[in-house]
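The values are calculated or read from the model by the stated rules, or taken from the named source; none is laboratory data. Remember, predicted model here, so these are calculated numbers, not experimental data. Note: ideal-geometry Cβ built from the backbone for every residue, glycine included; neighbour counts use all protein chains shown. Areas reflect the complete protein model, heavy atoms only, side chains present, ligands, DNA and RNA absent. Shrake-Rupley method; radii C 1.70, N 1.55, O 1.52, S 1.80 Å.
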Amino acid sequence: MDIFKPLDLRKDDLNITNIENIEKVRCLIVGSGPAGYTAAIYASRANLNPVLYTGLQMGGQLTTTTDVDNYPGYPDGVSGQKMMEDFKKQAERFGGDIRFGIATAVDFSGRKHKVTFDDNKIVEADAVIIATGATAKYLGLESETKYAGMGVSACATCDGFFFRGKDVAVVGGGDTAAEEATYLAGLCRKVYLIVRRDTLRASKVMQNKVFKSGNIEILWEHQTVDLFGDNGVEGATLVRKKGTYEEEIVKIKIDGFFLAIGHNPNSEVFKKYIETDQVGYIITVPGTSKTNVEGVFAAGDVQDSHYRQAVTAAGSGCMAAIDAERYLSEL
Ligand code: NDP
């Protein structure tokens with residue numbers, strides 16, 4: 001892949017009129033998950049006086065999970081919400097300026113990078129770190145919202161442990177679904193893999209792992225239409241295709257329902273300038289956080305379709321701050 005393929009850049013389309021004050025900063029961080037906060041900790045300690053805008057979901061995806069047991073340094077586990085508050089406090093301790101705001105437009109056409117927040121404020125930065133994360137896709141059922149944190153999850157690695165010895169279902173037929181089903185099969189009594197077609201999209205290696213597992217049952221050509229339960233998820237209602245016109249309603253008893261139908265990287269606002277892959281993940285120079293625009297760096301899930309863990313996001317946030325610091329010192 002040609003990492004530095006020039007993009008068709010459009011000049012200043014910040015969608016703003018009548019803005020008098022443009023705030024100038026050295027280092028701007030967009031996003032407040034583990035990647036953004038870690039970048040803020042490192043950038044503050046390097047005297048870059050970073051300004052961090054949190055985005056709509058302050059703390060990122062982790063704030064939607066219950067306990068985090070796999071982040072080093074928390075031997076007794078910690079709630080995702082509390083962990084993100086700790087990250088924020090640590091960033092503020094060294095002078096990180098954390099603000100609420102959503103990036104609504106960018107102009108990366110010049111050496112100074114401009115980002116508009118909430119359609120009414122422009123921040124001009126020498127270096128920008130994009131850490132806007134990704135959002136798990138959901139089926140769009142009302143019951144998914146009703147049972148959020150009560151049996152519905154989009155991360156088996158984060159939440160699978162709570163379903164040890166129980167029956168669960170994973171929706172999806174790609175590598176993530178195959179990986180999550182295999183992971184859960186090691187913890188749970190039974191795993192239903194709900195696949196909407198009669199074939200898996202996952203790679204052959206991952207498929208073989210699923211087929212070899214003794215406690216994964218694949219429900220081919222099934223679609224989930226509802227979840228039910230009095231105290232959290234107790235089951236799911238599925239529709240099975242039977243021939244071209246016939247359908248059959250199937251109910252399964254489960255305690256956990258895991259979505260694995262893909263993620264959307266939150267890169268839309270940057271796409272006019274920043275190169276992404278087909279799905280929208282920002283492409284960085286391997287082993288660095290550098291994007292195709294000088295002085296713009298990316299960290300965390302917005303550039304990582306593979307690992308997607310809090311600890312790897314934090315690590316890449318550290319990388320981005322160090323890359324930004326070196327870039328600024330060479331300016
Ligand atoms: P994918 O887009 O590859 O797969 C999504 C799956 O979800 C597909 O099977 C799709 O079905 C199904 N799906 C989508 N929408 C619905 C819906 N509304 N109802 C039911 N099923 C639905 O996403 P992944 O997250 O699996 O993978 C993303 C990328 O990351 C891929 O490139 C993958 O290879 C990579 N990856 C690699 C891993 C590894 O190498 N270890 C691990 C995880 C991911 P359908 O097939 O019918 O479209």
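Any residue in region 122-131 that is modelled with pLDDT of 95 or more and part of a loop (DSSP other than H, G, I, E, B)?
Here is the first cut: in region 122-131, the residues modelled with pLDDT of 95 or more are 122-131.
With the extra rule that they be part of a loop (DSSP other than H, G, I, E, B), the set shrinks to 131.
Among the residues of region 122-131, at least one is modelled with pLDDT of 95 or more and part of a loop (DSSP other than H, G, I, E, B), which makes the answer yes.
Residues of region 140-159 that are assigned to a helix (DSSP H, G or I) and touching a Ser or Thr at 6+ places or on another chain (Cβ under 8 Å): CYS158, ASP159. Hey, any hits in region 273-282 for a residue that's over 24 Å from the mean Cα position of the chain (by Cα) and in contact (Cβ under 8 Å) with a residue 24 or more places away in the chain? Scanning region 273-282 turns up no residue that is over 24 Å from the mean Cα position of the chain (by Cα) and in contact (Cβ under 8 Å) with a residue 24 or more places away in the chain. Exactly one residue out of SER316, SER329, SER305 is more than 12 Å from the ligand (Cβ to nearest atom), polar (S, T, N, Q) and touching a residue at least 24 places away in the same chain (Cβ under 8 Å): that is SER316. For beta carbons closer than 6 Å, sequence separation of 6+ or different chains, a first residue in region 63-91 that is hydroxyl-bearing (Ser, Thr, Tyr) and a second that is at pLDDT 90 or above, the qualifying pairs are THR63/MET84; TYR71/ALA310; TYR71/VAL311. Residues that are within 14 Å of the ligand (Cβ to nearest atom) and either among the polar types (S, T, N, Q) or modelled with pLDDT of 95 or more (or both) within region 264-282 comprise ASN264, PRO265, THR276, ASP277, GLN278, GLY280, TYR281, listed in sequence order. Being within 10 Å of the ligand (Cβ to nearest atom), surrounded by 15 or more Cβ atoms within 10 Å (Cβ to Cβ) and at positive phi is a description that does not apply to GLY133.
Within region 177-228, the set of residues being touching a Ser or Thr at 6+ places or on another chain (Cβ under 9 Å) and among the small types (Gly, Ala, Ser) comprises ALA178, ALA181, ALA185, GLY186, ALA202, SER213.
The rows are residues; the columns are (1) of a type in the set (A, V, I, L, M); (2) in contact (Cβ under 8 Å) with a residue 60 or more places away in the chain.
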position: ALA127; (1), (2): yes, yes
position: THR145; (1), (2): no, no
position: GLY149; (1), (2): no, yes
position: ALA154; (1), (2): yes, yes
position: ASP159; (1), (2): no, yes
position: PHE163; (1), (2): no, yes
position: GLY174; (1), (2): no, yes
position: ALA177; (1), (2): yes, yes
position: GLU180; (1), (2): no, yes
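Testing CYS188 on (1) in a strand (DSSP E or B); (2) in contact with a helix residue (DSSP H, G or I) (Cβ under 8 Å, 6 or more places away or on another chain); (3) not charged (D, E, K, R), one condition comes back false. Which one is that? All conditions are met except number (1).
For (1) among the small types (Gly, Ala, Ser); (2) in the same structural domain as THR157 (by TED's automatic domain parsing), each residue gets a yes or a no:
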site: LEU219; (1), (2): no, yes
site: GLY235; (1), (2): yes, yes
site: ARG240; (1), (2): no, yes
site: GLU248; (1), (2): no, yes
site: ILE252; (1), (2): no, yes
site: VAL269; (1), (2): no, no
site: LYS272; (1), (2): no, no
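Taking VAL170, is it within 11 Å of the ligand (Cβ to nearest atom) and assigned to a strand (DSSP E or B)?
Numbers: within 11 Å of the ligand (Cβ to nearest atom): yes; assigned to a strand (DSSP E or B): yes.
Yes, satisfied.
One residue stands out among those in region 173-213 that are open to solvent by 10 Å² or more (accessible area, probe 1.4 Å) and touching a Leu at 6+ places or on another chain (Cβ under 7 Å): the one that is nearest to the ligand (Cβ to nearest atom), which is GLY173.
How about region 221-301: which strands (runs of 3 or more DSSP E) wholly inside it have at least 2 residues that are surrounded by fewer than 17 Cβ atoms within 10 Å (Cβ to Cβ)? First the steps, then the outcome.
Values: elements: 222-228, 235-242, 246-253, 256-259, 263-265, 296-298.
Where strands (runs of 3 or more DSSP E) fall fully within region 221-301 and carry at least 2 residues being surrounded by fewer than 17 Cβ atoms within 10 Å (Cβ to Cβ), they are 222-228, 235-242, 246-253.
So the check is Cβ under 8 Å with 6+ separation or different chains; which pairs have a first residue in region 224-242 that's polar (S, T, N, Q) and a second one that's assigned to a strand (DSSP E or B) and more than 16 Å from the ligand (Cβ to nearest atom)? From region 224-242, the pairs are THR237/PHE228; THR237/ILE249; THR237/LYS251.
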